[in-house]
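The values are calculated or read from the model by the stated rules, or taken from the named source; none is laboratory data. This one's a predicted model, so the numbers in the text were calculated from it and none came from an experiment. Cβ placement follows ideal geometry from the backbone for every residue including glycine, while neighbour counts extend to all protein chains displayed.
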Amino acid sequence: MIEEPVVRYHRHRFPAEIIAHAVWLYYRFPLSLRDVEDLLAERGIDVSFQTVSEWVVKFGLKFAYQLRRRSRGNFADKWHLDELVVSIKGRKYWLWRAVDAEGYVLDALLQSRRNKKAALRLMRKLLKSQGVTPRVMVIDKLRSYGAAKAELIPGVEHRSHKGLNNRAEASHLPLRRRERRMMRFKSARQCQRFVSVRGQVTNLFHLHRKYLTATDHRQLRTQAVTAWREIALSIDA
């Protein structure tokens, strides 16, 4: 039996599989850097939380970019847009987020304003990243959305009702739990980086278990894990 060669990133002591696993743990679950350090130590991998932090910063966006390329154009044509308040060092920011009808995260953009200009930035980013125009946009009562949509994509149907946007509201909850576990974001840059990566990792393992048989769920989960490993081993770092 011929063993597969160990893949290593340039100038890194640990194999690519270990680094990718550490990054996956951090973004997939509500874990601190020290939690990831302990989980790796339990498996006999002696690495400090500072090193894990460096891996998260260096490789997180690279993995997210590859995941975004794989999923481009595969989302539902009904988009839910909403925003939530994020406090960073005593300053209020607005995290603008968009999810599709199945709960997959389309994009997230941290901004200091909650007006038409901010809504336009989000919509332009969405159209560029997705490469398609939605059939329907569901938004809350914030008028900035309607003004931005009328200027950018006036032909798209838009529905504005608080009760219709429960999909986006529910999508905020896991992020809120993660924010509390991190004891709030330390900077706007860190927040934007984190939500950009976390959204893509979450999408890959978002399997809608409620509507799947046990066999189908195991099969889809295996496919997701395989896709993650393929991406991790293909990164040129």
Subset of the range 113-129 that is under 18 Å from the mean Cα position of the chain (by Cα) and among the hydrophobic types (A, V, I, L, M, F, W, C) - its residue that is surrounded by the most Cβ atoms within 10 Å (Cβ to Cβ) | Met123
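The rows are residues; the columns are (1) touching an Asp or Glu at 6+ places or on another chain (Cβ under 9 Å); (2) polar (S, T, N, Q).
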residue: Leu25; (1), (2): yes, no
residue: Asp38; (1), (2): no, no
residue: Val47; (1), (2): yes, no
residue: His80; (1), (2): yes, no
residue: Ser87; (1), (2): no, yes
residue: Trp96; (1), (2): yes, no
What is the residue count in the range 190-211 for residues that are free of Cβ contacts under 8 Å to residues at least 12 places away in the same chain and hydroxyl-bearing (Ser, Thr, Tyr)?
-> 1
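One residue is enough: does the range 213-227 have a residue meeting the conditions assigned to a helix (DSSP H, G or I), of a type in the set (D, E, K, R) and either modelled with pLDDT of 95 or more or touching a His at 6+ places or on another chain (Cβ under 7 Å) (or both)?
The first filter runs over the range 213-227 and keeps only residues assigned to a helix (DSSP H, G or I), leaving 214-227.
Right, trim to of a type in the set (D, E, K, R) and you get 216, 218, 221.
Among the residues that remain, those that are also either modelled with pLDDT of 95 or more or touching a His at 6+ places or on another chain (Cβ under 7 Å) (or both) are: none.
Scanning the range 213-227 turns up no residue that is assigned to a helix (DSSP H, G or I), of a type in the set (D, E, K, R) and either modelled with pLDDT of 95 or more or touching a His at 6+ places or on another chain (Cβ under 7 Å) (or both).
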Tally the residues that are part of a helix (DSSP H, G or I) and within 17 Å of Gly60 (Cβ to Cβ), restricting the search to the range 179-212.
-> 19
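Look at Arg229 and say whether it is under 13 Å from the mean Cα position of the chain (by Cα), within 23 Å of Ile18 (Cα to Cα) and surrounded by 12 or more Cβ atoms within 10 Å (Cβ to Cβ).
It is false that Arg229 is under 13 Å from the mean Cα position of the chain (by Cα), within 23 Å of Ile18 (Cα to Cα) and surrounded by 12 or more Cβ atoms within 10 Å (Cβ to Cβ).
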Sort through Gly73, Gly60 and tell me the only one that's at positive phi and under 22 Å from the mean Cα position of the chain (by Cα).
-> Gly73
Could you list, in sequence order, the residues of the range 31-53 that are among the charged types (D, E, K, R) and surrounded by fewer than 14 Cβ atoms within 10 Å (Cβ to Cβ)?
-> Arg34, Asp38, Glu42, Arg43, Asp46
With Val132, Val99 as the choices, which residue is aliphatic (A, V, I, L, M) and either buried (at least 18 other Cβ atoms within 10 Å of the Cβ) or in contact with a strand residue (DSSP E or B) (Cβ under 7 Å, 6 or more places away or on another chain) (or both)?
-> Val99
Could you please find all residues in the range 59-101 being β-branched (Val, Ile, Thr) and more than 30 Å from Ile235 (Cβ to Cβ)?
-> Val85
